Amino acid sequence: MSKTAVIGSILAMLAAVPVATAAEGDETLLYGRPLRAGELASACFARRYDKTHLQGHPQQNVTEMRVLAYRPDWPYAESIVNLEFRFRGVSEAFQLSGGCRSVSGKAAVLDCAVECDGGRFTMRREASGALMVDVPAGLALCDGEEALPAGARFGSDDRRFRLPAEKLAACRDLIWDDEIRPKLLPRN
């Protein structure tokens, strides 16, 4: 079968899958409401842990975390999640990307996977609007082939993160897609 036929078959299968099933939970959880078909959306969540917090959690090595979620305005697009971690004593940020889907039967929880088998995490929203990110094991890029920056590591207190919602400007440098960037950050 030719490459064109294979791609055509995959696109036909994807078109047959109801879009609401794939995105119904992520839209409300990430953006606060269901989205129209083809609607561009974004959300930013971030937290810098202060000295007092880190002293009370000596096994927490993450000093700052940011999450940018966006759904491109392409047909049948699903949300993309870009994450950034900063660690104690390490100047280089650790950035990765993944995708999320609703957990079956739990529209309030998203199961997320880092691209290239870099690990899994879940997200849910608290009543306050904060995003809770659970990382049961550390994350990496490409099945661990690309490790954390030198000196960085996830500690035993780096499993659950509460990130308040922020304005998109706090996540602007997490928009890595050159096609999406001008759509999310229109010039005034």
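The values are calculated or read from the model by the stated rules, or taken from the named source; none is laboratory data. This is a predicted model, so every value here is computed, not measured. SASA here: full protein model, heavy atoms, side chains in, ligands and nucleic acids out. Shrake-Rupley method; radii C 1.70, N 1.55, O 1.52, S 1.80 Å.
State the extension gain, in nm to one decimal, for the chain segment bounded by HIS57 and VAL103, taking 0.36 nm per residue of separation less the distance between their alpha-carbons.
13.6 nm
Enumerate the calculated ³J(HN,Hα) couplings along segment 117-133 in order (Karplus 6.51 cos²θ - 1.76 cosθ + 1.60, θ = phi - 60°), each rounded to whole Hz, writing x wherever the residue is Gly or Pro.
6, x, x, 10, 8, 10, 9, 8, 9, 8, 4, 6, x, 5, 9, 9, 10
Amide H neighbours of TYR76 under 5 Å, at least 5 residues apart or on other chains, H built in the peptide plane: list them.
Answer set, sorted by chain and number: GLY38.
Cα centroid distance between segment 51-101 and segment 121-139, in Å?
Here the two parts' Cα centres lie 10 Å apart.
Viscosity 1.306 mPa s, temperature 10 °C: give me the Stokes-Einstein translational D for segment 51-173 in µm²/s, with Rh taken as the Kirkwood radius over C-alpha pairs.
This corresponds to a translational diffusion coefficient of 104 µm²/s.
Per residue of segment 82-87, what does 6.51 cos²θ - 1.76 cosθ + 1.60 with θ = phi - 60° give for ³J(HN,Hα)? Whole Hz please, x for Gly and Pro, Karplus curve as stated.
Per residue, the Karplus-derived 3J(HN,Hα) values read 9, 10, 9, 10, 10, 10 Hz.
Under a 1.4 angstrom probe, counting protein chains only, how are ARG71, ARG101 ranked by accessible area, largest first?
The ordering from most to least exposed comes out as ARG101, ARG71.
Calculate one ³J(HN,Hα) per residue across segment 37-43 by plugging θ = phi - 60° into the Karplus curve 6.51 cos²θ - 1.76 cosθ + 1.60, and present them in order as whole Hz with x for glycine and proline.
Once rounded to whole Hz, the list reads 4, x, 7, 7, 8, 8, 8.
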